[in-house]
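Remarks on the structure that follows.
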Amino acid sequence: MAALALPVALALGVLAELGTGIARRLLRGERGWWRGVTGRWDDLRRLLRSARARPAAVEAAGATAALVGAGLAAGAALGLLPGSMALAYPALVAGAIGGHLAYRIRRDGEGPAARARLHAALAEPAFAVALGAMVLRWRALDLEAVRGTQSVLGPGISLAPALAAVGLALAALAALAAGALRLAPEEPGPRRGGQAWGAGGKLLAALTRWAVAGATALTVGVLVAGHRLDPTPAALPFAVSAVSAALLLGGAVAGARLLGPSRRPVAAAAALVLAAIAVALVLAA
């Protein structure tokens, strides 16, 4: 079932990647907002043409862990697995760790990869507290119970009391902001003059980013406006919430890049404060 959920997570991750490109276009006027996605076809062609493009063993192992973790989290969010946040959160952690292993740690040394791992560690408390605030809103770890409640009463973002709805919205924003910082960095372009060098690693890194981003969007989406999967218009808010979460996550990734490495720890602290406010609002409701 995790394998069935993984394509959905990847599709949302691609949408998040496009959202990042669009945000960069709007914020900085960068051209080619679609290249984060279409550029992977070039990597695939290079991988098929040259053995030098094959990923290293640690990259392949990290990508496998990330894809499995993202698939489990997405399966729990979609209801394809009988899961709860006790499954989904560790799966998201495994996905994030695997994504950083899939990035070229061995070759980058203490460069962008090391900074990204630090930022991910700093953002993890905010991510955990934000998810905790959303779980507190429903007083349940079981995602099936969360989906069932919203299937009957409507999306959580629109349910009274108002303080709980505001807290849920703030927690979702905090989770997406922290989720952007948890992702492995984008793979740099080819180096050493060899167009085939690193193509396999770049492709795996992109796939893991998409999978983890999509699983994060699905998890936030089910807690904000979850619904049992059925072919009825009532399930539409869940789809809208997951797509919106993916686009917001992509925008947060662009914002993190605009801030620069030195200010990302401040962004992680701000996300933690926002998550703490969300907890307070939910408890006060």
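Just so you know, all these numbers are worked out from the coordinates, no wet-lab data involved. No experiment lies behind these values; they were computed from the predicted model shown. Because the Cβ atoms are built from the backbone with ideal geometry, glycine has one as well, and the counts that use them run over all protein chains shown.
Sorted ascending by nearby beta carbons within 10 Å, beginning with the fewest, Trp33, Trp210 become Trp33, Trp210. Taking the Kirkwood radius as Rh and the Cα radius of gyration as Rg, the range 73-157 has a ratio of Rg/Rh equal to 1.11.
Per residue of the chain, the DSSP helices (runs of n ≥ 4 H) give a summed -39500 (n - 2.57) that works out to -26000 deg cm²/dmol at 222 nm. Taking the charge dipole of the chain about its Cα centre, with +1 at Lys and Arg Cβ atoms and -1 at Asp and Glu Cβ atoms, the residue from Ala11, His119, Ala162 reaching farthest to the positive side is His119. Spacing of the modelled spin labels on Arg31 and Ser262, each 7 Å from Cα toward Cβ, amounts to 3.1 nm. Calculated FRET efficiency, Ala234 to Leu118, Cβ-Cβ distance, R0 = 45 Å: about 0.55 to the nearest 0.05.
For the chain, a crude dipole built from +1 on the beta carbon of Lys and Arg and -1 on the beta carbon of Asp and Glu, taken about the Cα centre, is about 1120 debye to the nearest 20.
When a footprinting reagent is the concern and you count Cβ atoms within 10 Å, what order do Asp230, Asp142 take, fewest first?
Numbers: Asp230 8, Asp142 16.
With the sparsest Cβ surroundings first, the list reads Asp230, Asp142.
Less than 14 Å Cβ to Cβ from Ala76, Lys/Arg counted +1 and Asp/Glu -1: what total charge do the surrounding residues give? Intermediate results must be reported in sequence, preceding the final value.
Numbers: positive: Arg147, Arg228; negative: Asp142, Glu144.
Net charge in that neighbourhood comes out at 0.
Connecting C-alpha atoms closer than 10 Å in a GNM of the chain, tell me which of Ala275, Ala74, Ala113 has the biggest fluctuation. In this elastic network of the chain, the residue with the biggest mean-square fluctuation among Ala275, Ala74, Ala113 is Ala113.
Give the relative contact order (percent, whole number) for the range 2-284; include only Cα pairs under 8 Å separated by 6+ residues. Mind dumping the intermediate values first?
On the way: 569 pairs, mean separation 93.1, N = 283.
Relative contact order comes out at 33 percent.
Find how many whole Å separate the alpha carbon centroid of the range 201-222 from the alpha carbon centroid of the range 58-84. Computed from Cα coordinates, the inter-centre distance equals 10 Å.
For Ala239, neighbours were defined as the other residues whose beta-carbon sits under 14 Å from its Cβ, and their charges (Lys and Arg +1, Asp and Glu -1) total +1. Taking a span of 24 Å or more along the helix axis (Cα atoms) and a mean Kyte-Doolittle hydropathy of at least 0.5 as the rule, the DSSP H helices of the chain that qualify are 2-28, 57-78, 85-102, 112-138, 162-182, 199-225, 236-259, 264-284. Applying 0.36 nm per residue to the separation of Leu159 and Arg139 and subtracting their alpha-carbon distance, the gain on full extension is 5.8 nm. Around Ser84, which amide H atoms from residues at least 5 apart in sequence, or from another chain, sit under 5 Å from its own amide H, with H modelled in the peptide plane? Long-range HN contacts for Ser84: Leu143.
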